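All remarks here apply to the structure that follows.
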């Protein structure tokens with residue numbers, strides 16, 4: 001990618017409604033005991049929409065509703081989200097409940113029902129308390145200020161300990177446009193989507209087909225490169241809305257500033273993906289694995305995802321153990337062919353393996369480094385020019401405790 005990051009600026013005071021024409025809201029309707037559990041995102045104008053969805057064969061009712069809605073015109077104008085209940089594996093009633101959420105939101109906003117996306121997250125296999133959700137939808141009040149976005153970001157959380165937000169601005173045709181995002185995700189996180197929801201808004205005008213390809217490109221290099229526990233959920237989706245209210249010349253793959261837009265979108269998704277990995281259930285450390293010199297970028301990402309997803313690597317990081325054998329073993333079972341006798345491994349800045357063999361290093365120094373909250377592992381090969389990254393977290397006692405009592 002040839003774009004320069006200097007032309008892309010991160011925005012402080014970030015919120016999902018920062019791009020022009022977007023509003024958000026969130027409240028407590030009673031699906032969860034106390035915390036906010038119902039959110040609404042709205043665009044003044046119908047927006048071109050793109051979605052990337054879970055690869056799990058079992059897909060929740062709201063996901064199906066949203067996919068079908070986007071297929072009709074390629075547009076969305078609102079997204080209604082509940083947390084605390086996934087509305088997954090709930091049969092015909094679950095599908096009817098998702099349709100009811102869509103219809104009631106559409107009527108509230110006076111827009112066509114297929115302009116409303118639906119998302120749910122939480123416990124699988126329980127029917128939604130539709131009386132509470134219906135009452136909540138009626139009480140939602142849209143807000144373009146920070147509070148509405150904060151409430152929305154809080155309303156989509158389940159076991160997350162923090163909300164996850166980011167935004168960037170850039171110039172297209174000398175016009176300022178903004179890309180913002182919010183996400184949830186803490187457990188059941190694995191490459192190829194997981195129990196996570198991501199929502200991205202932009203006021204850029206962008207060609208419908210190219211919006212889909214841009215989102216797929218960004219997701220493959222970010223959200224699909226995070227893992228917490230190797231489980232893939234039934235409800236995952238990342239939705240992107242582009243309402244064109246920035247009034248730039250329409251972006252497409254042939255536009256001279258396409259690469260700049262694509263880089264900004266990757267930065268938004270990367271920020272959110274890293275926040276999800278860092279907030280893994282019970283996690284105390286973010287782990288980033290960089291693989292350099294693989295045959296291809298795709299193979300580098302596969303190796304990186306395998307290493308960061310290894311339970312033994314994750315527990316070694318938790319225990320501050322410089323057990324590099326677990327790293328090279330994970331790379332070896334990644335399914336990617338490489339010459340193990342030409343591999344270098346670094347933990348932080350310290351080389352621990354050169355040409356596939358151990359080299360002297362200070363155990364004390366590396367152990368001290370592994371006590372940090374952010375850990376970098378680098379695997380260098382001699383196969384080609386493919387580089388890739390993946391993010392995850394350590395595996396702690398708290399992860400077991402959280403998931404052993406999730407329903408209670």
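Brief remarks on what is shown
- Here is the size of segment 286-404 from its Cα atoms: Rg then Dmax, 13.8, 44 Å.
- By the Stokes-Einstein formula, at 1.002 mPa s and 20 °C, segment 1-104 with its Kirkwood radius over alpha-carbon pairs has D equal to 133 µm²/s.
- In the chain, the C-alpha radius of gyration followed by the widest Cα-Cα span (Dmax) gives 21.5, 68 angstrom.
- Stretching residue 341 away from residue 11 to a fully extended chain increases their span by 114.3 nm, per 0.36 nm per residue minus the current alpha-carbon distance.
- Once the chain from residue 295 to residue 134 is taken as fully extended at 0.36 nm per residue, the excess over their C-alpha distance is 52.7 nm.
- Segments 147-160, 349-362, 246-259, 110-123 sorted - mean Cβ within 10 Å per residue, highest first: 147-160, 110-123, 246-259, 349-362
- Mean-position separation - Cα centroids, segment 110-150 and segment 234-274, in angstrom: 24
- Mean Cβ neighbour count within 10 Å, used as a protection proxy, ranking 216-225, 77-86 highest first: 77-86, 216-225
- Förster radius 41 Å - calculated FRET efficiency between residue 147 and residue 315, Cβ distance, rounded to 0.05: 0.50
- Net lengthening on full extension, residue 371/residue 45 (0.36 nm per residue, minus Cα-Cα): 112.5 nm
- Counting every C-alpha pair in segment 195-347, the share spaced more than 26 angstrom apart comes to 38%.
Any read-out appearing in this document is the output of simple, stated calculations on the displayed coordinates, not a laboratory observation. What you see is a predicted model, and the numbers here were worked out from it, not measured in a lab. Neighbour counts are summed over all protein chains in view; Cβ atoms, including those assigned to glycine, are modelled from backbone coordinates with ideal geometry.
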